[in-house]
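One structure below.
The values are calculated or read from the model by the stated rules, or taken from the named source; none is laboratory data. As the structure is a prediction and not an experimental result, all values here were calculated from the model. Note that each Cβ is placed from the backbone with ideal geometry, even for glycine, and that neighbours are counted across all protein chains shown.
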Amino acid sequence: MLKYDFSFAFKETLESGLSFDEIFDIGKALSANFEKVFQPLPGFLRILDDDEILEEVGALKSWLQRFENFVVIGIGGSALGNQALHSSLKPINWNSLSNEKRGGKARIFLLDNVDPDLIASVLGELDLAHTVFNVISKSGTTAESMANYLVVRGLLEKLDLPVKEHFIFTTDKDNGVLRQIADNEGVRSLTIPDDVGGRFSVLTPVGLLSAVAEGIDIEQIYEGARFGKERYLRDDLKSNPAAVCALIHYAYLKKGHNISVMMPYSNRLYTLADWYRQLWAESLGKKFDLSGRIVHTGQTPVKSLGAIDQHSQVQLYNEGPKDKVVTLVKVEDFVNQLTIPFIHSDIEALSYLNGIGVGELLNAELRATSIALVANGVPNMTIIFPQIDEVHVGEFIISYEIQTAIMGFLLKVNPYDQPGVELGKKLTYALMGRKGYEEIRDRYEEKTSW
Ligand code: PA5
């Protein structure tokens, strides 16, 4: 079970801060309406009700074993969850381990950007005959993912490899060009449920197939997520840490804390902060509220890595504008235990480190940062992973998805749409001359000089 330390977010320790009661007063409307926020049950919670997705993805296990490399082609919500599961649950050097050390499981690569240097370096090092590509796109049309699909397909065709065998598509059940190709050519495919949006889709086939390919236990991820669903849907808000977290962020946002920093003290958990960044930004950054009023609301999420960013960002967090809420993420028991040897025991400036666990030092740094922040009047909290494993990562994911829904309610915005992203997509199509987008092109051409 994840643990939470909120003490440095409240007036009791944070002089300039809000008291526990003030924060819960601000959230009164939430207490009164808590059940309604989750009715009807959002898709990201509904999928946990049965084993359908686990079974659908699990059934591909033996097919996946044919491949040494698994490449995710997708972007945004169709990529960041895969990356977060991979980095948090596999050793940092996973892709450079021998096949034997990986237990025959696949190496994982990500083609998200359409940066030619990225594409060349990922594809350049792979033996395509032993590689499978999962093209993930809910809309089935996103320019970056489609471009990468075409590039890869071109290479496979050039090498005379059976295209159908090297692709699987994860997409909408009816719509989009990927579904069309899958149906026409008999390419394997998985379905993204209608009621689960991109950035909420990590626990669907979107995030789970690559996880299975590299030997992550997806049932355990679901176990953690299901536990989280019980824990974070409690309507007694004071005993619901996701609600407390949301209320703290909301209350301080109202006081001008427009930035939410997530700072794991763990390289493995760093990409969870990346995943969070998308979830918080895209779900809550909105021009209109639910009644159609222009509000331009949201809280800018920032990711940071402890202890590295103590030597880069923390000066600003401590002494810069008072516009942040900081969430530190701590690991109690690291997968690897490493003790600093007794060397130079006669030099005082080094001897205090002798015999200390490296993880212990990292956690002391986290504690030091949290105390320094509170001393500087910066509200902060700590989320504690007893260890990094599937169960805790599953719980973390669901806690933040629930928290985002709560924050959406508090800000009175729809957390499940992304009109700002859609506009960029349409303008890209228009700029690139896609048929059907001439009107948008003309409209914006008048205003700009593109
Ligand atoms: O959360 C979202 O909806 C977006 O970030 C999408 O995931 C992203 O734009 C990719 O879209 P698609 O899966 O349709 O290719």
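Each residue in region 50-73 was checked for being outside any loop (DSSP other than H, G, I, E, B) and of a type in the set (K, R), and 1 pass. With respect to (1) within 14 Å of the ligand (Cβ to nearest atom); (2) more than 16 Å from I398 (Cα to Cα); (3) touching a helix residue (DSSP H, G or I) at 6+ places or on another chain (Cβ under 6 Å), the lone exception for S201 is condition (2). Evaluate the following for S145: is it without any contact (Cβ under 8 Å) to a residue 12 or more places away in the chain and of a type in the set (S, T, Y)? No; evaluated as a whole, the condition is false for this residue.
Criterion applied to G215, G207 was being small (G, A, S) and assigned to a helix (DSSP H, G or I), and the one residue passing it is G207.
Being more than 30 Å from L247 (Cα to Cα), at pLDDT 95 or above and in contact with a strand residue (DSSP E or B) (Cβ under 8 Å, 6 or more places away or on another chain) is the requirement here; does D51 meet it? So D51 fails the test.
Number of residues in region 174-190 that are in a helix (DSSP H, G or I) and either surrounded by 13 or more Cβ atoms within 10 Å (Cβ to Cβ) or within 14 Å of the ligand (Cβ to nearest atom) (or both): the value is 6.
Buried (at least 22 other Cβ atoms within 10 Å of the Cβ), β-branched (V, I, T) and without any contact (Cβ under 8 Å) to a residue 60 or more places away in the chain, is that true of T171? Considered against the rule, which asks whether it is buried (at least 22 other Cβ atoms within 10 Å of the Cβ), β-branched (V, I, T) and without any contact (Cβ under 8 Å) to a residue 60 or more places away in the chain, T171 comes out as yes.
When region 286-319 is filtered for residues that are on the phi > 0 side of the Ramachandran plot and in a strand (DSSP E or B), only H296 remains.
Conditions (1) part of a loop (DSSP other than H, G, I, E, B); (2) without any contact (Cβ under 8 Å) to a residue 60 or more places away in the chain, marked per residue:
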residue: P321; (1), (2): yes, yes
residue: V326; (1), (2): no, no
residue: V329; (1), (2): no, no
residue: Q337; (1), (2): yes, yes
residue: F342; (1), (2): yes, yes
residue: D346; (1), (2): yes, yes
residue: A349; (1), (2): no, yes
residue: L353; (1), (2): yes, yes
residue: E360; (1), (2): no, yes
